[in-house]
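Participant: Mind having a look at this structure? Questions to follow.
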Amino acid sequence: MENMIDQDQQWLINSLNATLDTNQQARSFAEASLNQASVQPGFGSALSKIAANRNLPLGSRQISFCHFLLKQFIKKHWQEDDDGFEHPVVSNEEKAIVRGLLLLSLDDPHRKICTAISMAVASVASHDWPDEWPELLPFLMKLINDQSNTNAVNGALRCLALLSADLDDKLVPKIIPVLFPCLHTIVSSPQIYDKPLRTKALSIVYSCTSMLGVMSGVYKTETSALMLPLVKSWMIEFSSILKNPVQSEDPDDWSIRMETLKCLGQFVQNFPSLAESQFMEVLVPLWQTFVSSLVVYERSSIEGLEDSYEGRYDSDGSETSLESFIIQLFEFLLTIVGHKKFVKAFGNSIQDLVYYSIAFMQTTEQQVHAWSMDANQYVADEDENTYSCRVSGSLLLEEIVISCGIEGVYAILNAAKQRFDESQQQRLKGSADWWRMREATLFAVSFVSEQLLEVEVSGPSGVNLGNLLEQTFTEDMASGVHEFPFLYARMFSSIAKFSSVINNAVIDHFLYAAIQAIGMDVPAPVKVGACRSLSQLLPDTNRGIPQPHILALFSSLTELLKQASDETMHLVLETLQAAVRAGHESALSIEPVISPIILNMWALHVSDPFISIDALDVLEAIKNAPGCVHPLVLRVLPYVGPILNKPQQQPDGLVAGSLDLLTMLLKNAPTDVVKAIYEVCFDPVVRTVLQSDDHGEMQNATQCLAALVSGGQQQLLTWGGDPGFTMRCLLDVASRLLDPDLDSSGSLFVGNYILQLILHLSSQMAQHIRDLVAALVRRMQSCQIAGLRSSLLLIFARLVHMSAPHVDQFINLLITIPAEGHTNSLHYVMSEWTKQQGEIQGHLIKSSVGITTRSKSKVSPDQWTLMPLPAKILGVLADVLLEIQEQIGEEDDQESDWEEVEAGDAEIEQDLLYSTGTTSYTRPSNGYLDAMAKAFNEDDDDGCDDELLCAADPLNEINLGNYLTNFFREFSQGDKPLFDHLCQSLTQAQKKAVQMVVSR
């Protein structure tokens, strides 16, 4: 085999040909022979020689297989420490032969072969370059500069494009001064090189400048100096590419512009100071590209009259479609608008930018066709904000509002009015496509509805948004729903977003129209829009909906639900949930009809988390409706009881889902309902925790038991007839969930369960506290899930609070309980608690300089100084205090007394607190303390992460702002030397926050 290249080359060629034989036995034998030969010396060089031999009469498939084998050979045998390596390793002599043959093949005229060779070169280079292959870059540069051989230029560029994606911070500064002038020559020579070659050159520029951008965070001066002499010439070339109008049906033109925009984006993001001085050079050509591309886009994509090359790719696998180019154009505009140095360059043209952007957001002919054939695709595209010009344009409008503020909002309002007026004129002229611009404008303003409404409320604008929309909706409702289904769908989904500025009569009209549309024979997109409208309008409406209308809606939605697919089911269920909540008075009469349908749907889709959760939400809305909880529970229990009693006989997911259903029914349920559920389900739920090996079932059973304890409290112990037995069952559950050998996932919700026991059955739990603490420590030390460990820590915190005012007794208890690897349980628990406070780790020790790569971080990870526990606790409390003060400053800059302090003496600002012996300065008033309390407690109405704890948790009564204020004052006055000493470890911001409260 050593002489394979000379003696057995024909055998290798024959074997490669045999892999294409129609006879399976022959193919299998050839493949086995090649696999056996691949581990022999000389195989790689033999393959390379065949790949480089342009005279061999091999078809493209044979050559492709040869290149595939070569790629696999390099991956498996080139580098011993590489992933996927298999013995033997290639010898250095054979490596040199392969490298030489690959380089000689880079100018192959066959593009696919050239690409394959380039990939092989890049694979080898990832291991050998530059140390073992120093001649690679000089050879590639020689090829690039050979204007007489475009094949050589093509091969070198393809190879460099692959290499440039993996360049590091050491190679890029060395390569750019040599490489960029050569690339510039190629890009600026359209008379010599075609657009694909120039595009490839630009892709290398993009990769290198991207890496420079990463480096600029550490080496800002060096990278800027490197780019300074290059920026001007490149900006001139970018302008040259962009200045001519965009051409129709020319994917090569779109591709080179797209790569140009990507490069420009890197220049602007990474070197804004350098690019700013040259930006005006490119602004006018950029605008020319933007405006002219709209003409092409309207004809090819929106009207469908020309080829948009949708779904097509070039030989390198890059998308060549017009839409991909337009999206990149919007991406660059987003970059400019989002940068304060460049957005001002648009000056008074922001409204024009919005005006043209709206036009790009029109539905394309392809979308109209796809959405008309498949409503599910319409729902999916709307919900997921898929990759499209519509989404890119709307994101640009959002960025305009963020960057330009009120001027951006006015630009959107004025451009929208202009587009509405133009579409109306087109309609009067008889244009069949007048609705597209109308729909796009509604889509655009809906996307930024929150920002537009803020301005509408806070101050006048050139356009009255409410009047504009009312006029538009009124005009368009006169259009035929079958002729313009997408416009109707957009009107329905848009009106809810602007209900605060639209006349009630108009809203009512649309509300009833949406109810009717769901039950009518109208195109599917109209029903989708109607559902969106109702799901948003019904929860916000304060007006009673007549019972006949609500009953008709329930009937229509249940029929629609039977026809819905997985994609549209979510929307229908969401609408049904809103209808149940809006029609409280009617819910009891329709419960017998709706509940069985939803329960059946829930059971059919119990393994689909999205649909099953939506179905549970509807059932919860029914449960919460007046008079519905009892009939619903009576309907569920006969079904769920047998499932839980015979879990092994159930389909996958049904047991866990049934437990989830019970937990929902238990939330905020009256005691008699909790008792009814207990009587049917307590024993099988306990058995599930004690016997099941399914983690999902164990988790849901744990939550169900926690809900039972929360709802039943002390009475729960008497329902079974033997309080002692019931309590033992509850403790057995806790014992299994805290078993250190149990998989952590099965114990995931044990924290909440234990909290319910100690909150509601505290007298029974008191005698078990020592055993409980020991079990908690063992479970914490063995668990593999950080969230579980955190939840168990919260139990310790709860026990500390419950032991007040005798906290010392609980601490002494912790000290007496051993913990493996630690002095005692107190030491272990506090060490785990401090790890949770990741933002306060002490002081960072700088261990390295330069860019921190993954390899560097493994060798030299960040190191932190040790901080004493008391200092860390004080730092955590100070951070909470600082957060409260920052919230106050954000919410009420003018009224807060904090503002007065910040506007005080500059000397005080600098020396605010080095030690707490500083004399008092401007003192906050009681109003400040009230504001602190308000800032921290403002979210009380938003609900609690754990609904079971909201009502019963005594910690909810604590005003944290006042508590911290009193703590810091009492500590500073009671033990001032210790307080002063600990405060020295605080940051300046923390010291400032503490001084604010102790100096009153």
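The values are calculated or read from the model by the stated rules, or taken from the named source; none is laboratory data. Because the structure is predicted, anything quoted here is derived from the model rather than measured. Note: ideal-geometry Cβ built from the backbone for every residue, glycine included; neighbour counts use all protein chains shown. Accessible surface is based on the protein model in full, side chains and every heavy atom, while ligands, DNA and RNA are left aside. Shrake-Rupley method; radii C 1.70, N 1.55, O 1.52, S 1.80 Å.
Participant: Can you give me the solvent accessible area of residue 646 with a 1.4 Å probe, rounded to the nearest 10 Å²?
Facilitator: So the heavy atoms of residue 646 present about 110 Å² to solvent.
Participant: Additional query: Which one, 350, 393, 368, is farthest towards the positive end of the dipole of segment 341-459 when Lys and Arg carry +1 and Asp and Glu -1 on their Cβ?
Facilitator: 350
Participant: Under 26 Å Cα-Cα from residue 417, which lysines qualify once same-chain neighbours fewer than 8 residues away are excluded?
Facilitator: Of all the lysines, those that pass the test against residue 417 - Cα under 26 Å, at least 8 places apart if same chain - are 344, 429, 497.
Participant: Taking the Cα centre of segment 127-268 as origin, sum charge times position over the Cβ atoms of Lys and Arg (+1) and Asp and Glu (-1), and report the length of that vector in debye to the nearest 20.
Facilitator: Numbers: 12 positive and 16 negative charges, 96 e Å.
Using Cβ point charges on Lys, Arg, Asp and Glu, segment 127-268 gives about 460 debye.
Participant: Where does the chain land at 222 nm, in deg cm²/dmol rounded to the nearest 500, when only DSSP H runs of n ≥ 4 count, each adding -39500 (n - 2.57), divided by all residues? Don't skip to the end; give the middle numbers.
Facilitator: Details: 53 runs with 705 residues, N = 1000.
Only helices count here, giving -22500 deg cm²/dmol.
Participant: Something else about it: Considering the dipole of the chain built from charges on the beta carbon (Lys and Arg +1, Asp and Glu -1) around the Cα centre, which of 500, 199, 525 is farthest to its positive end?
Facilitator: Projecting each Cα onto the dipole axis, the largest value belongs to 199.
Participant: Go through 195/243; 170/243; 95/262 and tell me which ones have a Cα-Cα distance over 26 Å in this structure. Mind dumping the intermediate values first?
Facilitator: Numbers: 195/243 15 Å; 170/243 36 Å; 95/262 37 Å.
Going by Cα-Cα distance, 170/243; 95/262 fall outside the 26 Å limit.
Participant: Taking the alpha-carbon distance from residue 667 and a cut-off under 17 Å, which lysines remain once sequence neighbours fewer than 8 residues away in the same chain are dropped?
Facilitator: Within the straight-line limit of under 17 Å, residue 667 reaches these lysines: 623, 675.
Participant: For the full complex of protein chains and a 1.4 angstrom probe, list 309, 297 by accessible area with the highest value first.
Facilitator: Details: 309 45, 297 5 Å².
Sorted by accessible area, descending: 309, 297.
Participant: Classify segment 554-676 from the C-alpha gyration tensor, please: rounded if a/c falls under 1.5, else prolate or oblate depending on whether a/b exceeds b/c.
Facilitator: Numbers: a/c = 1.99, a/b = 1.11, b/c = 1.79.
The shape class here is oblate.
Participant: How far is the Cα center of segment 411-454 from the Cα center of segment 143-178, in Å?
Facilitator: 48
Participant: Counting heavy atoms of the protein chains only and a 1.4 Å probe, report the per residue accessible area for segment 551-596 as a whole number of Å². Please list the in-between numbers first.
Facilitator: Details: 1870 Å² over 46 residues.
Heavy-atom SASA per residue in segment 551-596 reads 41 Å².
Participant: What is segment 591-658 by shape, rounded, prolate or oblate, if you read a ≥ b ≥ c off the alpha carbon gyration tensor as root eigenvalues and call it rounded for a/c under 1.5, prolate for a/b larger than b/c, and oblate otherwise?
Facilitator: Values: a/c = 2.41, a/b = 1.41, b/c = 1.71.
Oblate, since a/c reaches 1.5 and b/c is not below a/b.
Participant: With charges only on Cβ, +1 for K and R and -1 for D and E, what is the dipole size of the chain about its Cα centre, in debye, rounded to 20? Numbers along the way, then the final one.
Facilitator: Numbers: 68 positive and 125 negative charges, 304 e Å.
In debye, rounded to 20, the chain gives about 1460.
Participant: Heavy-atom accessible area per residue, segment 707-846, 1.4 Å probe: how many Å²?
Facilitator: 47
Participant: Answer with a single label: of [x] 52, 49, 29; [y] 55, 42, 37; [z] 68, 31, 23, which was calculated as semi-axes √(5λ) of the Cα gyration tensor in Å from the structure in view?
Facilitator: The calculated read-out lines up with [y].
Participant: Something else: Which whole-number percentage describes the relative contact order of the chain, with Cα contacts under 8 Å and a sequence gap of 6 or more? If you can, show how the numbers build up before the last one.
Facilitator: On the way: 1161 pairs, mean separation 43.7, N = 1000.
Across the chain, relative contact order equals 4 percent.
Participant: In addition: Which of 42, 685, 876 sits closest to the plus end of the dipole of the chain, meaning its Cα is farthest towards the positive end, when Lys and Arg get +1 and Asp and Glu get -1 on the C-beta?
Facilitator: My answer, from the dipole projection, is 42.
Participant: Leaving out ligands and nucleic acids, note down the accessible area per residue over segment 464-520 with a 1.4 angstrom probe, in whole Å².
Facilitator: Working: 2070 Å² over 57 residues.
That works out to 36 Å² for each residue.
Participant: Using a 1.4 Å probe on the protein heavy atoms only, what accessible surface does residue 789 show? Give it in Å² to the nearest 10.
Facilitator: 50
Participant: Sorted by accessible area with a 1.4 angstrom probe, largest first, how do 680, 674 fall?
Facilitator: Values: 680 60, 674 0 Å².
Heavy-atom accessible area, descending, gives 680, 674.
Participant: For residue 992, list the lysines whose Cα falls under 16 Å from its own Cα; do not include residues on the same chain fewer than 8 positions away.
Facilitator: Residue 992 reaches no qualifying lysines.
Participant: How far, in nm, would the chain grow between residue 768 and residue 372 when pulled straight, counting 0.36 nm per residue and subtracting the alpha carbon separation? Walk me through the intermediate numbers first.
Facilitator: Numbers: separation 396, 0.36 × 396 = 142.56 nm, distance 6.54 nm.
Full-extension gain reported as 136.0 nm.
Participant: Quick one: ranking 54, 687 by accessible area, 1.4 Å probe, largest first, what do you get? Write down the numbers at each step before the final one.
Facilitator: Numbers: 54 120, 687 90 Å².
In descending accessible area the options line up as 54, 687.
Participant: Give me the percent of accessible area attributable to carbon and sulfur for the chain, probe 1.4 angstrom.
Facilitator: Numbers: 23160 of 46080 Å².
Roughly 50 percent, rounded to a whole number.
Participant: Same structure again: Heavy atoms of the protein only, probe of 1.4 Å, neighbouring chains included. What is the accessible area of residue 790 in Å², nearest 10?
Facilitator: Looks like 40 Å² after rounding.
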